[in-house]
Amino acid sequence: MVYTQEQLKRYSRQIAMEEVGIAGQERLTAGRVLVIGAGGLGSAALMYLAAAGVGTLGIADYDRVELSNLERQILHRTSRLGVQKTASAAETLRDINPDLRLVSYPVRVTPENIPKMVLEYDIVLDCTDQFENKLLVNDACVAAQKPFVHAGVRASSGQIMTWRPGSWPCLRCLMGDAPAEDETNAATGVLGAAVGVISSMQALEAIKFLLGRGELLTGRMLHFDGMRMTVSETVLPEKSPYCRACGIRADAETRP
C-alpha cells in the first residue's frame, strides 16, 4: 500500500518501532476487528484501534447514550445523550481517524445474528458487560474458529484473556454456564479508569494479533487490581473435553 505523507506522519511513531515498520502498518490497515459493545470496555479499545490505523472496525451495540455512561464510556459525549451508541462511537472515531472503514450493527447481538457478524472479521473483542453475553461471544467465535479477546471489570478490578483456535481452553471451559444472577456494574459500581486499563489491553492484544508479533494472553488469564495496583497471571488448565463450546465430547451423557 502507498501511504500519503499525512498518513505516514500520523503513524510515524509506531512505524518507527522495529515490531511494526511499514509492513506492520500495512497489516493494521488491512486488519478487520469487531468490537461487541460500545460502552466502557469498547470505548478505549475502539479509540486506540482507530488511532493505530486498523482499517476496518465493526461496532455492535443496540443501546443509546445515557448520562450514567459518561463516567467511563469515553467514546460518548454529553451532547449525544439519547443517541444510538454505534452512531455516537462512529462520530468520535471518524474525528480521530477519517481513513477508517466503520461498520455499525445497531442491534442486540443474538445467537441468530452473531455467527454472520464474526465471520467478517480477523479478531473479535468481547466488550459486553453481562456474563451471558460473554458466553454468546465465546460460543460464536469458537464455532467460527475466530480468535477473540475476553475482558471483564467489576469495581476497580478486571481480567483479560485471548482465545485462539487450538488446544487452549475457551471461556465456557473455565466458567461453565451463565450464573442465575449476574451482577452488573450498576449494582457493584465501577471506576472508569480501571475499565480504561483493561480496554486498552484488549486493543493491544488485537494489534499484536494483526501484526503477528509479541506474546498473546493465550492459555493464561491476566488479573488487574486497581486499588492495590497489582497485576497477576493465572496459567489456564487444559480445555475440557466436555465443554459445550469446544469439547470433543460435548454431548457425552456422563462425565468422569
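The values are calculated or read from the model by the stated rules, or taken from the named source; none is laboratory data. Just so it is clear, the model here is predicted, and its values are computed rather than measured. A quick note on method: Cβ atoms are made from the backbone with ideal geometry, for glycine too, and the neighbour counts reach across all protein chains shown. These accessible areas exclude ligands, DNA and RNA; they are computed on the full protein's heavy atoms, side chains included. Shrake-Rupley method; radii C 1.70, N 1.55, O 1.52, S 1.80 Å.
What residue among Thr86, Thr110, Thr162 shows peak mean-square fluctuation when the chain is described by a Gaussian network model with Cα springs under 10 Å?
Thr110
Rounded to the nearest 5, what % of DSSP beta bridges with both residues in region 77-190 are antiparallel?
Among the beta bridges of region 77-190, antiparallel pairing accounts for roughly 65 percent.
Taking the DSSP beta bridges in the chain as the whole, what percent of them are antiparallel, to the nearest 5?
50 percent
Multiply the residue gap between Glu91 and Tyr242 by 0.36 nm, knock off their C-alpha separation, and tell me the result in nm, one decimal place.
50.0 nm
Mind giving me the nanometre distance, one decimal, between the label points for Val2 and His223, set 7 Å out from Cα along Cα→Cβ?
About 5.4 nm, to one decimal.
Tell me the per residue accessible area of region 38-90 using a 1.4 Å probe; a whole number in Å² is fine. Can you show the working numbers first?
On the way: 1810 Å² over 53 residues.
Per residue, region 38-90 has 34 Å² of solvent-accessible surface.
Region 120-181 to region 1-53: how many Å between their Cα centroids?
Here the two parts' Cα centres lie 23 Å apart.
How many percent of the accessible area of the chain is carbon or sulfur, using a 1.4 Å probe? Don't skip to the end; give the middle numbers.
Details: 6620 of 12700 Å².
Result for the chain: 52 percent of the exposed heavy-atom area is carbon or sulfur.
Which of these, Ile59, Ile22, Ile198, has the largest mean-square fluctuation under a Gaussian network model of the chain (Cα springs below 10 Å)?
Of Ile59, Ile22, Ile198, the most mobile in the Gaussian network model is Ile22.
Translational diffusion coefficient of region 1-127 at 10 °C, 1.306 mPa s, Stokes-Einstein with Kirkwood Rh over Cα pairs, in µm²/s as a whole number.
On the way: Rh = 15.1 Å.
In µm²/s, the coefficient rounds to 105.
Of Pro115, Asn97, Phe131, which is farthest on the positive side of the dipole of region 86-153, counting Cα position, with +1 on Lys and Arg Cβ, -1 on Asp and Glu Cβ, and the Cα centre as origin?
Value: Pro115.
What accessible surface, in Å², does a 1.4 Å probe find on Arg27, ignoring ligands, DNA and RNA and rounding to the nearest 10?
About 120 Å², rounded to the nearest 10.
Among all stretches of the chain without exposed GluC sites (Glu not before Pro) (DSSP loop, at most 15 other Cβ atoms within 10 Å), which one is longest?
On the way: sites that count: Glu18, Glu19, Glu66, Glu71, Glu112, Glu120, Glu181, Glu183, Glu215, Glu238, Glu253.
In the chain, the maximal stretch lacking such sites is 121-180.
Express in Å², to the nearest 10, the accessible area of Met227 obtained by rolling a 1.4 Å probe over the protein heavy atoms while all chains stay in place.
140 Å²
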